[in-house]
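A quick write-up on the structure given underneath.
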Ligand SMILES: O=C(O)CCC(=O)C(=O)O
């Protein structure tokens, strides 16, 4: 085996609100809905040329996959550039530069006329539609969203590949303690099973997204993404309503973030190296123990 084990996502054309709640929301099961956006103006209009025509002079922060080092406690942009010029790059060449959490209401409110919040039983938080952009070949580190929202993620312009993992798979993903992502040195497309054997036990769901496809990602689902083409997506979010998930959300945001930032401030890169090494040792010991006695 050279790849992470996956099964293909369930793809459906469309679905009623009642069926979505029963079959996907309540069991927290991901699904790809192909026709959800066919009646959105965005389905016809949204491509890189269109977004570029609205870009004006805005300057945007761009990120690559360099890890957050030492005493930094939030990701620092690799570059700042005119959105117009960035889209030129996306249209013409591969790049690992990505833009994330582009707040549509603040940065390009005119786009809100082009989509709607689907009537599938999720209570969407309408103040935070956000967009993500990536170049051909760019990769998004495996992570889950700290706010534990249920997400509807729609892709435009070209294809991208998403691998999902249920929250209970965190134990097999080399999750970095006190963060919501896995180890930055792992290439999920070509994992090194010698170094990271537990990845062989991970079970993911594989999703190819085409223009207009809408992916339902339940709360806490991990996602790892590779852009096959330069393109962009929009994510609509519904915040958790269950008490247990709300408690987890506050734990993530208040306890985990504060603690991590404090440790980085005090110990810098030493803290990061220490906790990562301990985590890898712990997981690998578990793997070797299970496989010795088998
Ligand atoms: O598509 C991307 O570039 C990232 C999407 C993502 O991480 C999200 O919607 O939470």
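The values are calculated or read from the model by the stated rules, or taken from the named source; none is laboratory data. Remember, it's a predicted structure, so these values are computed and weren't measured experimentally. We place every Cβ from the backbone using ideal geometry, glycine too, and count neighbours over all the protein chains shown.
Might you check whether a residue that is within 30 Å of residue 158 (Cα to Cα) and not in a strand (DSSP E or B) occurs anywhere in the stretch 239-257? Yes - at least one qualifying residue is present in the stretch 239-257.
When 201, 248 are screened for being within 19 Å of residue 173 (Cβ to Cβ), more than 17 Å from the chain's Cα centre (by Cα) and at pLDDT below 85, only 248 passes.
Of the residues 89, 120, which single one is in contact with a helix residue (DSSP H, G or I) (Cβ under 6 Å, 6 or more places away or on another chain) and either within 16 Å of the ligand (Cβ to nearest atom) or at pLDDT 95 or above (or both)? After applying the criteria, what remains is 120. In the stretch 142-155, the residues that are in contact (Cβ under 8 Å) with a residue 12 or more places away in the chain form Cβ pairs under 7 Å with partners that are in a loop (DSSP other than H, G, I, E, B) and within 8 Å of the ligand (Cβ to nearest atom), at six or more places apart or across chains, as follows: 151/145. Checked against the criteria, residue 287 does not count as touching a residue at least 24 places away in the same chain (Cβ under 8 Å) and within 16 Å of the chain's Cα centre (by Cα). Residues that are surrounded by 13 or more Cβ atoms within 10 Å (Cβ to Cβ), in contact with a strand residue (DSSP E or B) (Cβ under 7 Å, 6 or more places away or on another chain), at pLDDT 95 or above and in a loop (DSSP other than H, G, I, E, B) do occur in the stretch 41-51.
Per the listing 181, 153, 161, the residue uniquely within 12 Å of the ligand (Cβ to nearest atom), modelled with pLDDT of 95 or more, touching a strand residue (DSSP E or B) at 6+ places or on another chain (Cβ under 7 Å) and under 14 Å from residue 222 (Cβ atoms) is 153. Number of residues in the stretch 134-154 that are in a strand (DSSP E or B) and under 22 Å from residue 33 (Cβ atoms): the value is 7.
For residue 211, the requirement of being closer than 30 Å to residue 157 by Cβ, within 16 Å of the ligand (Cβ to nearest atom), in contact with a strand residue (DSSP E or B) (Cβ under 8 Å, 6 or more places away or on another chain) and part of a loop (DSSP other than H, G, I, E, B) is met. The requirement of being within 16 Å of the ligand (Cβ to nearest atom) and either closer than 14 Å to residue 229 by Cβ or assigned to a loop (DSSP other than H, G, I, E, B) (or both) is satisfied by residue 125. Consider only pairs whose beta carbons are under 8 Å apart and that are at least six residues apart or on different chains; among these, list those whose first residue lies in the stretch 6-23 and is under 22 Å from residue 225 (Cα atoms) and whose second residue is part of a loop (DSSP other than H, G, I, E, B). From residues that are under 22 Å from residue 225 (Cα atoms), the pairs are 9/30; 10/29; 10/30; 11/34; 12/34.
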